[in-house]
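Heads up: the structure comes next, in structure tokens.
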Amino acid sequence: MYQKVERIGPAQFEAEIKLVDGDETEKITTRTYERCNSIYAAYKSLIKALRGLHDCTITLYTNHHQLSVELFEERAKNTTLANMLDDIIAINNVEIKNGKGE
């Protein structure tokens, strides 16, 4: 899974998620998030992408440094977005591995 978060205006971000399966089939989704910060767009786009996945391991490549830190180094605790992500991971039986930055 490849995630790219870009600022497109004041408090406005575009998040692109590219899913690539074992057969090299790609699915790309792009969403715009307004009146927010970049970490919100990063978490929400990841959460939405994971809702459609079950019983699998994904390797996440992201250009969002803070998300990478919160997921793989200093695990975010007691934040609503981190808790939502943890719930989706547990319910869908998904494991996220670090693919490093894009």
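Any chance you could count the Lys pairs in the chain whose alpha carbons are under 19 Å apart, treating pairs 8 or more apart or on different chains as valid?
Lysine pairs, 8 or more places apart or on different chains, close enough: 17.
When the helix-only estimate is applied to the chain (DSSP H runs of n ≥ 4, each -39,500 (n - 2.57), divided by the residue count), what is the mean residue ellipticity at 222 nm, nearest 500 deg cm²/dmol?
Working: 3 runs with 34 residues, N = 102.
Using -39500 (n - 2.57) per qualifying helix, the result is -10000 deg cm²/dmol.
On average over all directions, what projected area in square nanometres does the chain have, based on the convex hull of its Cα atoms?
The number I arrive at for the chain is 6.2 nm².
Most fluctuating residue of T62, T32, T79 in a GNM of the chain with Cα springs under 10 Å: which is it?
T79
Among DSSP beta bridges lying fully in the chain, give the percent that are antiparallel, nearest 5.
Taking every DSSP beta bridge with both residues in the chain, the antiparallel ones total about 65 percent.
So what's the net charge close to I8: Lys and Arg +1, Asp and Glu -1, counting the other residues with Cβ under 11 Å from its Cβ?
Net local charge, I8 excluded: -2.
Could you tell me what fraction of 2.2 N^0.38 Å the Cα radius of gyration of the stretch 7-50 comes to, as a two-decimal ratio?
Output field value: 1.27.
Going 7 Å from the Cα of R35 toward and past its Cβ, which residues in the stretch 67-102 have a backbone nitrogen under 14 Å from where you end up?
Under cut-off, by backbone N: nothing.
For the charge dipole of the chain, defined by +1 on Lys and Arg C-beta atoms and -1 on Asp and Glu C-beta atoms about the Cα centroid, which residue among N37, L71, G99 has the Cα displaced farthest towards the positive pole?
Comparing the listed Cα positions along the dipole, N37 ranks first.
I91: net charge of surrounding residues, Cβ under 15 Å, Lys/Arg +1, Asp/Glu -1, itself excluded? Before the final figure, lay out the partial values.
Working: positive: K48, R51; negative: D55, D86, D87, E95.
Charge balance near I91 sits at -2.
Any read-out appearing in this document is the output of simple, stated calculations on the displayed coordinates, not a laboratory observation. Please read all numbers here as calculations on a predicted model, not as lab measurements. Neighbour counts run over all protein chains shown; Cβ positions are idealised from the backbone, glycine included.
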